[in-house]
1. Mind pulling the per residue volume of the convex hull built on the Cα atoms of the stretch 191-243? Å³ is fine.
2. Evaluate the relative contact order of the chain (contact order divided by residue number), counting alpha-carbon pairs under 8 angstrom at least 6 apart; express in whole percent.
3. When the chain is fully extended, how far beyond the present Cα-Cα distance does Asn152 get from Thr296, taking 0.36 nm per residue of separation?
4. Mind putting together the pair-distance distribution for the stretch 1-136? All Cα pairs, 10 Å bins, whole percent per bin, short to long.
5. For the stretch 454-587, I need the span (max minus min coordinate) of the C-alpha atoms along each principal axis, in Å, sorted largest to smallest.
6. Taking the Cα-to-Cβ direction at Asn228 and at Asp42 and moving 7 Å from each Cα, how far apart do the two end points lie in nm?
7. Cross-link list Lys305/Lys561; Lys569/Lys605; Lys379/Lys539; Lys326/Lys569; Lys178/Lys222; Lys234/Lys545: which exceed 18 angstrom alpha carbon to alpha carbon?
8. Report, ordered by chain and residue number, the aspartates and glutamates lying within cross-link reach of Lys586, taken as a straight Cα distance under 19 Å and ignoring same-chain residues fewer than 8 apart.
Amino acid sequence: MCGISGILSQKRQNGNTIDIVKNMVNTLRHRGPDERGIYVDDQICMGQARLSIIDPEGGIQPIHNEDESLWLVCNGEIFNYIELRKELELTGHRFYTNTDVEVLVHLFEDYKENIFNYINGQYAFAIWDRAEQRLFLGRDHVGICPLYYLSNNYEFAFASEIKALFQIPEIEPGLNYKSLIQIFTFWTTLPGETVFNNIFEIKPGYYAWVDKNKLNQYPYWKPNFNENGHRACKISEITHELEFLLENAVKLRLRSDVPVGAYLSGGLDSSIITALIKQKTDTPLKTFSIGFQTDTYDETSYQEKVSSHLQTQHRAFLCNNKAIAKVLYDVIWHTEKPILRTAPAPLFLLSQKVNEEGYKVVLTGEGADEFFSGYNIYKETKIRSFNAKQPESRIRPLLFETLYPFIGKRNNKTHHFWQQFFQANLFDTNDPFYSHRIRWKNGVFLSSFLNPDVLNMVSDYDPTDALSSQVNPNLQNLSILSRAHFLESYLFLSNYLLSSQGDRILMSHSVEGRFPFLDRHVIDFANSLPHSLKMKVLKEKWILKQTFTPLLPQAIIKRKKQPYRAPIKEVYRNGIDFLEYFVSTKTIEQDGIFQSKKVDLLKRKFESKNQIVSEREEMALIGILTTEMLNDLFIKHSTKKEQSIDQRWTIFNRRSRSAKKTAVI
């Protein structure tokens, strides 16, 4: 992938726009350390920092069509570009590079906004139409690649990361407290919004036209749930189709002119992808994983089993608690939003190691949990709705103990708490948010740490109402489990898993992640399956296991799912030297975001080894800590840095007052 940015301005008339866009691009150099290019005319200036993966020598961007009426900057990959190029050449289009993204300008010539019917990939791109004087923006169906923007009466700007937009001199960062409440509730902001005032994002599965600085967004894709689509098929037919689709998704994502590796967590999903890669290539496969010093989170033994079974060249990296604490500040620089877990930090360290090994591309298993019923939230929803049918039953509530055995320990003080937790709103099965609402109640606890002045500013704001206005029409006529799948993919997948744990952390060290389970054909297939095939009784991802059992060790097929998580209280206790400043009484009181007395009480609980710390208290501490880090990075300290412009730039200058030229400086 790469980093892109641009300014469409009626004010600047490009007097100093090139220098600003250079600063924007340089801010994204971790996304694209290999090359830098700029296109400029009387209306627009667009730039790109390139991570060269396909056609490393000839794929410099911006890229144009035959008559230079269209100019493109793109972050991402078009995986089916070989097939598309052949078709376009047959209709008379001429190509001047061997890169994948050149197909976009030619497709756009022929199909305009219908371009998305033809491309299979992960992308965020901008196309400037010189003849129409209009800018076209597009983002992939699930939001793998980020694309942010700001707009006012005289100017429109876009970028792959928010920090690039802050290079525009007039822009002053400010926290959006409503978005902060969203994060405390949903773990992330709602699609289209960010935690900063007046900064927005193009939604996943949307495109946009920008005409005279006015942006209009339109959807081109959303998940289509047809739960009876394969009900009449034999299991053998279903497994055969799934195998074919996922094999093809892997094959397309192996297209690269640089080596491709794989992340191997030791779970089912990454193991399947690794096995399919081994089937599709004769070259040695290098796999990468992380382990933890805390046994509760460590999956090293399973990673070794898969690597040995598939004979990969495996590199495992131990991640200790102090290392997680030390990089958390850098992690927030890249996530550009607070986080409620430490999980992104070990992945940040892993991408650093992958980069040091000389790899730019890895395939991973993200997406299987969301679309093949891998998470416990689907099981919880199934059990709760089952209990609601016979509330007098004493046996049905015991099903929760199959998910969480600690609930069954009758002397455990938390037993009653968890029983009450899962019984909340038990009969509201028609609630569109039935599956998730009990989880979102933690947001009230996290928000209670906010300063009263901040709470007053958002006192009339309910994030679930805001979510309702976005998604309610999409949830009508869906079953309870399909609603759960929709919400998990709409909120968690795009804006957290593929952002704070995905693109932003991978690209922090110039590593591109590719996700076969998120191929549109695979998603459509998964959404057409009866829920009984994805989760058989309470056995998650049943159809995946039926399909790929022959490829994997039985230990992987039979193991209970272990969600990827990282330590929190251990990290805080081992990294207090690095973290204390951000939650000190002085910092909390100076910044005025949180209540210092409540934060002090929470800290004392963590610092005492005799007190039990709950999961929501862990989330609260990390949320407070990373919000203060974000405030320190972007609000208190200016992100407008004098970027070096003594780099090698390819500049396509098409201003009317200048001679037509392309310069390499």
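1. On the way: hull volume 6.8 nm³, N = 53.
Per-residue hull volume (Cα only) is 127 Å³.
2. On the way: 1207 pairs, mean separation 122.6, N = 665.
18 percent.
3. Working: separation 144, 0.36 × 144 = 51.84 nm, distance 4.96 nm.
So the chain would gain 46.9 nm between Asn152 and Thr296.
4. P(r) over the stretch 1-136, rounded to whole percents: 13, 44, 34, 9, 0.
5. 57, 41, 32
6. Label at Asn228, label at Asp42, 6.0 nm between them.
7. Details: Lys305/Lys561 16 Å; Lys569/Lys605 10 Å; Lys379/Lys539 9 Å; Lys326/Lys569 14 Å; Lys178/Lys222 26 Å; Lys234/Lys545 16 Å.
Violating the 18 Å Cα-Cα cut-off are Lys178/Lys222.
8. Here the aspartates and glutamates satisfying the reach criterion relative to Lys586 are Asp453, Asp577, Asp600, Glu607, Glu628, Asp632.
Every number in this text was worked out from the coordinates using simple rules, so none of it is lab data. For clarity, every value in this text was computed on a predicted model and none was experimentally measured. Heads up, the Cβs are rebuilt from the backbone with ideal geometry, glycines too, and the neighbour counts pull from every protein chain shown.
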